[in-house]
Amino acid sequence: MNLSIRKTFALSAVGFSAAHASACSVCIAHPIGAGLQALGAQTLHKGSVVIGLSYTAFSKSQAGDLPGTTERHRQGETMLDVMKGLDDRWMLRASVPFLTKRMDMTGDPTVNTQGLGDITLGGTYQIPSGLKDKILFATSLDVKLPTGRNGQTDGLGSRLDEHSQIGTGSTDFSLGLLATYEDIQHQLWFAGLRVRWNGRNGTGYHYGNVLFYNVGFSHDLDPASSFVTELNGRFAAKDRMDTGDLDENSGGHLGYLSLSYRRNLGPATGLIASYQIPVLRNLNGTQSESGLITIGIYTRK
């Protein structure tokens, strides 16, 4: 069995799988992924290219460095994603984010930053299977490059808080295992596990390593639209600060119920809207996260 992305919308457009709990947006578990990805183990046909543009908004808060203080983060992420099928088994992808951040800290002025974030490059390999096999598997490998600024300062020349920086300043690697199953009613079931090993940046700060998971299914509503339901989330280790101490208000487990609606806008274009609702919480220390709203469009060549 070889399942490439071929259905009108549910399989040919953008799909979000578990990606980016830590104290920073670097560990968001997007409902449709940190980048443009297929559902489960699907790949694009040879020579096919999909280009997507999406916007994601979220907010979170945590205890500040000083007792009795609070940090509140608000972020918008505009993401340009490109996928290309090298053949019916290999698929390459790239994700280029532009971030806007706002941080409000008790007793301090509001800090606003924006700019190009950390670019991610990766690929998916669909594991060969037999004609009678009902489940398709694939592996993925990604590297996040330190392209976003990580040394921004305030008006007095002091370095901004780590979570106000646009980039993490580190090179991170991810390895995943993906699965897809299409039942007799042509509903697509998919699941995945992915581990990300985060590097240290130039100041010695290290975001905790993360295990992401997801399971869900896609159901065609009509020939031009589909609905996707997914449970996804992440287990994250605590961050290690530049002082060498662990950040007690970072890491833990957070799981989401993700609901996505997708619709064709034309022969080669489509739209997707998604909301990610936190439903499982076991975060360390004092942390709180809101849901994520994502809207995107794509075109296929």
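The values are calculated or read from the model by the stated rules, or taken from the named source; none is laboratory data. These numbers were taken from a predicted model, which means no experiment stands behind them. Backbone-built Cβ (ideal geometry, glycine too); neighbour counts: all protein chains shown.
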Handout entry: Out of 266, 204, sole residue that is out of contact with any Leu (no Cβ under 6 Å at 6 or more places or on another chain), assigned to a loop (DSSP other than H, G, I, E, B) and farther than 27 Å from residue 145 by Cα
Key = 266
Problem - Failed item, numbered, when residue 56 is tested on (1) β-branched (Val, Ile, Thr); (2) more than 30 Å from residue 284 (Cβ to Cβ); (3) crowded, with 21+ Cβ neighbours inside 10 Å - result: (2)
Practice task
Output the residues belonging to segment 254-301 that are under 16 Å from residue 231 (Cα atoms), of a type in the set (Val, Ile, Thr) and more than 15 Å from the chain's Cα centre (by Cα).
Solution key: 279
Practice task
Filter segment 162-177 for residues that are buried (at least 17 other Cβ atoms within 10 Å of the Cβ) and not in a helix (DSSP H, G or I) and give the result.
Solution key: 165, 166, 167, 168, 169, 170, 172, 174, 176
Problem - Among the residues listed as 198, 214, the single one being under 24 Å from residue 141 (Cα atoms), touching a His at 6+ places or on another chain (Cβ under 7 Å), of a type in the set (S, T, N, Q) and modelled with pLDDT of 90 or more - result: 198
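Under 26 Å from residue 278 (Cα atoms), surrounded by fewer than 23 Cβ atoms within 10 Å (Cβ to Cβ) and not aromatic (Phe, Trp, Tyr): is that true of residue 196 in this structure? Show your work before the answer.
Working: under 26 Å from residue 278 (Cα atoms): yes; surrounded by fewer than 23 Cβ atoms within 10 Å (Cβ to Cβ): no; not aromatic (Phe, Trp, Tyr): yes.
Spelling it out, it is not the case that residue 196 is under 26 Å from residue 278 (Cα atoms), surrounded by fewer than 23 Cβ atoms within 10 Å (Cβ to Cβ) and not aromatic (Phe, Trp, Tyr).
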Problem - Hey, residue 275 surrounded by fewer than 18 Cβ atoms within 10 Å (Cβ to Cβ) and assigned to a strand (DSSP E or B) or not - result: yes
Handout entry: Flag if residue 236 is of a type in the set (A, V, I, L, M, F, W, C) and crowded, with 16+ Cβ neighbours inside 10 Å
Key = yes
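One line per residue, one yes/no per condition, for (1) among the acidic types (Asp, Glu); (2) farther than 22 Å from residue 279 by Cα; (3) in contact with a Ser or Thr (Cβ under 8 Å, 6 or more places away or on another chain); (4) part of a strand (DSSP E or B):
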site	(1), (2), (3), (4)
147	no, yes, no, no
150	no, yes, yes, no
179	no, yes, no, yes
215	no, no, no, yes
218	no, no, yes, yes
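Go over the candidates 264, 249 one by one and state the one that is in contact with a strand residue (DSSP E or B) (Cβ under 8 Å, 6 or more places away or on another chain), over 22 Å from residue 78 (Cα atoms) and not basic (Lys, Arg).
249
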